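See below for the structure under consideration.
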């Protein structure tokens with residue numbers, strides 16, 4: 001037999017340099033990269049996570065503020081329907097007082113006492129309105145404002161500028177600056193001052 005045939009089949013093979021590096025755990029192929037590259041990659045991931053965190057925190061704060069505004073609005077305007085009923089009571093108190101002539105108070109003590117009691121009730125009601133943020137609108141002499149006034153008629157030859165409120169049929173009310181009830185008014189007709197015309201359908 002030749003020497004090659006006499007060699008054992010399980011003869012060991014000397015590892016090559018590349019095989020030795022792989023076995024020792026050195027990076028190979030796609031895993032290879034400098035420390036600077038790995039640091040840059042980690043920094044980019046940190047920046048991305050920080051951005052996501054800041055966005056989440058901002059969204060949480062916005063949600064909290066919206067919820068707080070909703071709670072405040074609910075607290076301010078929850079009584080709007082009830083307040084609308086009470087302003088009618090204020091109207092009736094004022095009508096009752098206007099129905100009592102001044103000379104009647106002087107001549108009739110009972111009538112005078114009744115009027116004084118109604119006036120005291122009216123003052124208490126308006127004090128309660130003020131505490132609740134309800135404000136009375138009595139726009140006599142003011143320019144017509146379609147956001148708060150409702151024109152019932154126009155009056156000629158008033159000597160006032162067109163669109164000026166010259167008569168208040170029914171006062172209006174606001175609650176925390178929001179309209180509760182429009183004021184019903186009569187305004188000066190165009191042609192008295194500058195020929196202007198108010199849009200009563202606004």
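Read-outs throughout are calculated quantities, based only on the coordinates presented, and are distinct from any laboratory measurement. Everything quoted here is computed from the prediction, not taken from an experiment. Neighbour counts run over all protein chains shown; Cβ positions are idealised from the backbone, glycine included.
Here the stretch 92-123 and the stretch 61-83 have alpha carbon centers that stand 40 Å from each other.
Distance between the 7 Å Cα→Cβ label points at residue 120 and residue 73: 4.2 nm.
Between residue 150 and residue 52, the contour length at 0.36 nm per residue exceeds the alpha carbon distance by 30.1 nm.
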